[in-house]
Number of protein chains: 4
Amino acid sequence: MSKTLNIGMIGYGFMGRTHSNGYNRVPNFFPELEYKPVLKAACARNKEALQEFADTWGYESIETDWRELLKRDDIDAVDICVPNNLHGEMAIAAAEAGKMILCEKPLAMDVAEGQKMVDAVEKAGVANTVWYNYRRIPAVTLAKQIIDSGKLGQIFHYRANFLQDWTINADVPQGGAGTWRLDSAAAGSGVTGDLLAHCIDTAIWLNGSISNVSAMTETFVKERVHAETGEKQAVGIDDACAFLCRFGNGSLGLFESTRYARGHKALYTFEINGEHGSLKWDLHDLHRLDYFEYADEAATRGWRSIHVTDNGGEHPYMDHYWVPGLQIGYEHSFLNQVADFLKSLETGEPCGPTFADALETQKVCDAVLASGNDGGWHDV
Amino acid sequence: MSKTLNIGMIGYGFMGRTHSNGYNRVPNFFPELEYKPVLKAACARNKEALQEFADTWGYESIETDWRELLKRDDIDAVDICVPNNLHGEMAIAAAEAGKMILCEKPLAMDVAEGQKMVDAVEKAGVANTVWYNYRRIPAVTLAKQIIDSGKLGQIFHYRANFLQDWTINADVPQGGAGTWRLDSAAAGSGVTGDLLAHCIDTAIWLNGSISNVSAMTETFVKERVHAETGEKQAVGIDDACAFLCRFGNGSLGLFESTRYARGHKALYTFEINGEHGSLKWDLHDLHRLDYFEYADEAATRGWRSIHVTDNGGEHPYMDHYWVPGLQIGYEHSFLNQVADFLKSLETGEPCGPTFADALETQKVCDAVLASGNDGGWHDV
Amino acid sequence: MSKTLNIGMIGYGFMGRTHSNGYNRVPNFFPELEYKPVLKAACARNKEALQEFADTWGYESIETDWRELLKRDDIDAVDICVPNNLHGEMAIAAAEAGKMILCEKPLAMDVAEGQKMVDAVEKAGVANTVWYNYRRIPAVTLAKQIIDSGKLGQIFHYRANFLQDWTINADVPQGGAGTWRLDSAAAGSGVTGDLLAHCIDTAIWLNGSISNVSAMTETFVKERVHAETGEKQAVGIDDACAFLCRFGNGSLGLFESTRYARGHKALYTFEINGEHGSLKWDLHDLHRLDYFEYADEAATRGWRSIHVTDNGGEHPYMDHYWVPGLQIGYEHSFLNQVADFLKSLETGEPCGPTFADALETQKVCDAVLASGNDGGWHDV
Amino acid sequence: MSKTLNIGMIGYGFMGRTHSNGYNRVPNFFPELEYKPVLKAACARNKEALQEFADTWGYESIETDWRELLKRDDIDAVDICVPNNLHGEMAIAAAEAGKMILCEKPLAMDVAEGQKMVDAVEKAGVANTVWYNYRRIPAVTLAKQIIDSGKLGQIFHYRANFLQDWTINADVPQGGAGTWRLDSAAAGSGVTGDLLAHCIDTAIWLNGSISNVSAMTETFVKERVHAETGEKQAVGIDDACAFLCRFGNGSLGLFESTRYARGHKALYTFEINGEHGSLKWDLHDLHRLDYFEYADEAATRGWRSIHVTDNGGEHPYMDHYWVPGLQIGYEHSFLNQVADFLKSLETGEPCGPTFADALETQKVCDAVLASGNDGGWHDV
């Protein structure tokens, strides 16, 4: 690792931690890469909390004004880990400052903003990626490889859902540091941008573009107290969203997300059915991929539970970790994305999903929300 | 079993077998009932095949004209196991002849016909039931008991699907004895009437009425050879159908069915999420019910896999069968329905789903098909 | 079914019900067989209970003295469903009377008695079989076919257990009609003869002879009240038993059974590991077989969950039942054994496990109990 | 983290990596601890490979002679990650040098050597621990908490196995860096010390002492080529080992390990059955714990699948990681052990398993191997 990549991190929440962990650990697990990430500076307004975060993760310095961060010459790449309503302004400014950008998902508050962000990075010619991390769970990457190999044949169906249960209690507040995801001003939307966006990114990656959608949205709890002001406010986000869609390849899609599915913590699942085979995956057992191959002998045909932990080259990313049978966790999806981003600096190839890729997901999200409002089918 | 109930069976296909097995075995497992079914006559046009069926299952006589069957005084109840397009005419005539009716699902070709059937049985005052047999899988009945007990609290979500894969091959013919389900003239619709109707019946039973729907339908294979004529014909049925809906209780529903989901033979699954708990079931492991109870201690809370085989009164119907741990199968849902029908003759209470209940399912099916055609939301 | 086989049933307990159900239903599901079983007579000492049993299952007559039953010319085959201590006397007398014999397992109280029974049936030349019914669960039969095909290669390991939890409560009595299995005078042994005998029969069938064993037995509850006398007695049976063994083919075996495994109702499981593949099965989901094939491509290799419900000839026995995806239950293992017994009368081939086969299992059981007593390795 | 703990690592293999990762990451996840580990020096004979390892993991210096490492004043603790036959000499010397010791398992080649190691650390009064890391998988620690709470009541059964399949191919060599575990001179034993030792450590921790054992061992492949010399040698290790045992609390134990169980990569499973409940766990899905509670209402009782990922204090260690539903991996057991070791330096309490604890496991291993040789029961 002969070159350094100096990271400026904006934000220190849950995603700030997962990304920092990724930067810190990649040198241990991907020592063959040219670039080594250096945690140069962390940035946020709350200086005390920021300093604690910086100390814990080993950032060399802190900044309390993100515009100052962008001015620093010793920052190569900016990582944007703040609420969704700040992505656009920061990313555009960062691009203008010539910084590479690693931006949390969803890309933007809406397609219009997202388009400006894409324009900015393309004009600036800076490397960019969006943290749709689930692409790089090894089992999900293996699904991609199987699909791309043609083993499934013509695709008929794709279904995905992302089920949580943490907002059922009406006493959960909205807004503020811990619960900004429930505040439409900060988050833009509810489960659509937070959870379905993941499902859509994976779906497009695995199964191609989505043509049109018909959605249903619901807000079960109509009012919540704001975490900072203590005042009761109308809830502006979608608590639940489901949609039907058609893909460009002719297959049918079915997506659902909610934070009111009692018993599910973060159950992201997808399934894809093709002419010759099918695949299933779920985040609660992320190290497994279920695969059905119709070509198997009829008497012994059955869904195969693939334990995606082999390290001899069979299973993506796993040769960087332990030995067969020993699983990695959620956080390693971020390590893998950091590694792939560093690799892309060597090769000059983009590290997907780029801003442009993420804009496609944004377009689907916008169409879904529009359909949720008027009940009609919307083209993407 | 001091009284007899003389059965006249019309049809001898797959459902003719499951029902016959039900009638034959109920006396062994429910000896406390007053009524004992007697297989008095089997009826169909193909005399040779009918005689073989009658011999195998022990029917005392055969008829080749169903109108003759209805004239016989020694027939108490008529069981209609023929393609959907014949249900209406037969059932109305049977009601007029004063026969009790056990009719295969779906009730009718459409709501208009179904309404006439309901009118006929109500006018005649004859006992009637429709074979939505899955209500009486013990695990499903247990789900009903849990929901009715209020243990789940307010319901937020209901989702169900019925996935098969037997028509992917474009060489499968349509029409004729074995494949009439692919022929719209005989079946009325494809997966909607065949499979989703089951899902809808269970859903209404467990979660109440469905208010409105938005659907998507698809026919993947556009032409098939007719099994009898050998001629290529346009396929008129829906190969796949998915729909969003809202229930009367405010919960959201998501339903899907297809015969193009490679790897699934007859995977009927449902899940219901409430404020205090959730339930999941699938037909491929029909003797299990998954249950999540939020009131459990936090550290040891988890989805419970209930092995629905206890015979001490805990699990519905199971005290009629074996001992804990020993599962019954698909066919027992029909035994249980026969037993409940016989019991209803003792008590005078209807044996649900009645024709009137099944008409509600028909209304949802019609709305789904209409929505599949025009893409809009349809009230039920 | 042009010929009849007149059955004389001795006993009316749990097994009397499963066998009667088998005889009753085989004509419906295996109509191609020459022989049709006829429930000619049921026999037991308790006349009132016997009459009720006979009425429920359709026996034409009853006998209260089994010796009288054996004298009847209209009885072709005797089915012995009484406590273990009565098997020997009845079976030997039945053989001497020239009756075919279908005997509940375990064959005998010990090897010496079992040998006499084998001698008797062989001398008499009468058809005989022992109800080790689990061989005929379709998934278990499929395991046999896979093993016999050579797909597993050299076998290294076999492990099985049979776990229950119904006697943990010290208030459960022993002796009497419902709990004779806890009474050593009636049962001979505890879990060894009741449960491990099943595991051993399957193991020998699948993996060949067992050479020697080393066992451990335990009686957790030392005294129980007798169900009939109400007096407290020492418990003479083994509540739990585990043993190590070596098979004739060089593989290692591990077996365990108990009635003190909280949470397991009747969890009979086995697994076999070979050079090229492995198989797993459990009774709580009896319609599935798990199979691992090392020859599968490395990236997509995984345990296959085979849903053993196909009816096109792929899965044993299933072409006699329903359609793919629809499971049969525990009781069908008895139907299948009745069908195979009837078939054996056509072909003249024995219907395994014969008395001679069951004697091999008895030898292992005796060696296990001897080893449990003295702690040493015992040759079988 | 105001104090440093300077680590001297001996060895750079698989375990050297897992431990190094633990030291590196604890400051990120357990920032509240007083002590911060510093990777001061790595030590091994192969200088080139060592330097690469040191660079990858961030060791400040290297040593090629472990005795030199022990002389350095800037080393506080020595981590022994070398083949088993070197543990004793190094640990005793390290204790004499006043170093804390973190030693890979198994403790020693045999009880005699292990006793000397225990004597040495106790005489020197140095902190010591052995890397039986599975105690600190959160699901396993939760099992310990449940058992200690008394929720299971009297224990009847404990069973564990550790199944692998990587040595089935007779071409796998023995000896050398990658395969020393197959060389009895380096490893002492085969699966007994490598795999069963883990099972035994967990079992004693969860269920108390083991009193006596009866074992069976086997070596399936009798000769292998030595990895370094290329010469064919007799295989001296046990390829497979199974044993029966009795615990001090009266419960029965059953253990098995093999490297010939096709389809299992590293399937460590245990199950414990008590009067009021049971627990099951397996390493292939290490983030789940299955729990059965008999006190649950009869109708809805079932095995609970606990997803051990809650971070609000419910699930051990998890408040240091992510959010509910997001699993950690195998490697985190080492992080947790490092954290607990650092904590023990604050409190002065030992960090189990200590050398003395590990000696108990060694005693069981020795008794198992002795029993495998002579076939008799051996007291521990």
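Rule-based calculations on the coordinates, nothing more; no lab input. As the structure is a prediction and not an experimental result, all values here were calculated from the model. Backbone-built Cβ (ideal geometry, glycine too); neighbour counts: all protein chains shown.
What to note about this one:
- Contact order relative to length of the stretch D:142-196, as percent, for alpha carbon pairs under 8 angstrom and 6 or more apart: 20
- Based on DSSP H segments of at least four residues, each scored -39500 (n - 2.57), chain B has a per-residue ellipticity at 222 nm of -10000 deg cm²/dmol.
- Of the DSSP H helices in chain B, those whose Cα atoms cover at least 24 Å axially and whose Kyte score averages -0.5 or more: B:355-374
- Radius 9 Å from Cβ of residue A:239, net charge of other residues (Lys, Arg +1; Asp, Glu -1): -1
- Residue-count net charge about residue C:249 - beta-carbon cut-off 14 Å; Lys, Arg +1, Asp, Glu -1: -2
- Distance between modelled label sites at residue C:71 and residue A:249, nm, 7 Å Cα→Cβ extension: 7.9
- 5 Å binning of all Cα-Cα separations within the stretch D:3-133, expressed as whole percents from 0 upward: 2, 11, 22, 24, 21, 13, 6, 1, 0
- Rotational relation D to B, axis-closest Cβ in chain D, residue and distance rounded to whole Å: D:304, 3
- Dividing the mean sequence gap of close Cα pairs (under 8 Å, 6+ apart) by how many residues chain B holds gives a relative contact order of 20 percent.
- Out-of-range pairs (alpha-carbon distance over 18 Å; input B:40/B:105; D:3/D:36; C:40/C:99; B:105/B:363; A:280/D:265): B:40/B:105; A:280/D:265
- With 10 Å bins from 0: P(r) over chain A, alpha-carbon pairs, percent: 5, 22, 32, 27, 11, 2, 0
- Note on A:253-262: average number of Cβ atoms from other chains within 10 Å of each residue's Cβ is 6.
- Copy-to-copy label separations for residue D:145, where each label sits 7 Å from Cα toward Cβ, in nm and ascending: 3.4, 3.7, 4.9
- Sequence-distant residues sharing a close amide H with residue A:260 (under 5 Å, placed H): A:164
- Residue-averaged beta-carbon neighbours from other chains (10 angstrom radius) around D:234-240: 1
- Inter-copy spacing of residue C:376 label points, which lie 7 Å from Cα along Cα→Cβ, given in nm from shortest upward: 1.1, 9.0, 9.1
- In this simple spin-label approximation, residue A:276 and residue C:223 carry label points 7 Å from Cα along the Cα→Cβ vector, and these lie 7.2 nm apart.
- Gaussian network model of chain B, Cα within-10 Å springs - most flexible of B:364, B:26, B:225: B:225
- Most to least packed among C:174-182, C:210-218 [average Cβ atoms within 10 Å]: C:210-218, C:174-182
- Whether the stretch B:119-174 is rounded, prolate or oblate, judged on the alpha carbon gyration tensor where a/c under 1.5 counts as rounded: oblate
- Likely footprinting exposure, B:107, A:86, A:50, fewest C-beta neighbours within 10 Å first: A:86, A:50, B:107
- Take each residue in C:285-291, count the other chain C-beta atoms within 10 Å of its C-beta, and the mean is 5.
- Per residue, the average separation of C-alpha pairs within less than 8 Å and at least 6 apart gives the stretch B:11-141 a relative contact order of 18 percent.
- Radius of gyration, Dmax [the stretch A:99-200; alpha carbons; angstrom]: 17.2, 49
- Centroid-to-centroid separation of the stretch A:135-150 and the stretch D:83-107 [C-alpha atoms, Å]: 44
- Label zone at residue D:295, where the point sits 7 Å out along the Cα-to-Cβ direction: the stretch D:147-190 residues whose backbone N lies under 14 Å: D:147-154
- Rg and Dmax of the stretch A:141-202, Cα atoms only, in Å: 16.9, 49
- Rg/Rg_globular for the protein assembly as shown, with Rg_globular taken as 2.2 N^0.38 Å and Rg from C-alpha atoms: 0.96
- Anchor residue D:151: aspartates and glutamates whose Cα lies under 19 Å away (excluding residues fewer than 8 positions away in-chain): B:293, B:296, B:297, C:165, D:271, D:275, D:290, D:293, D:296, D:297, D:314
- GNM on chain C, alpha-carbon springs under 10 angstrom: the most fluctuating residue among C:236, C:88, C:250 is C:250.
- Charge dipole (Cα centre; +1 on Lys/Arg Cβ, -1 on Asp/Glu Cβ; no other charges) of chain C amounts to roughly 260 debye.
- Computed from point charges on the beta carbon alone (+1 for Lys and Arg, -1 for Asp and Glu), the dipole magnitude for the protein assembly as shown about its Cα centre is near 0 Debye.
- Spatial offset of the stretch B:318-351 relative to the stretch C:181-221 amounts to 35 Å, using the alpha carbon center of each.
- FRET efficiency estimate (nearest 0.05) - Cβ-Cβ, residue A:119 to residue D:323, R0 45 angstrom: 0.85
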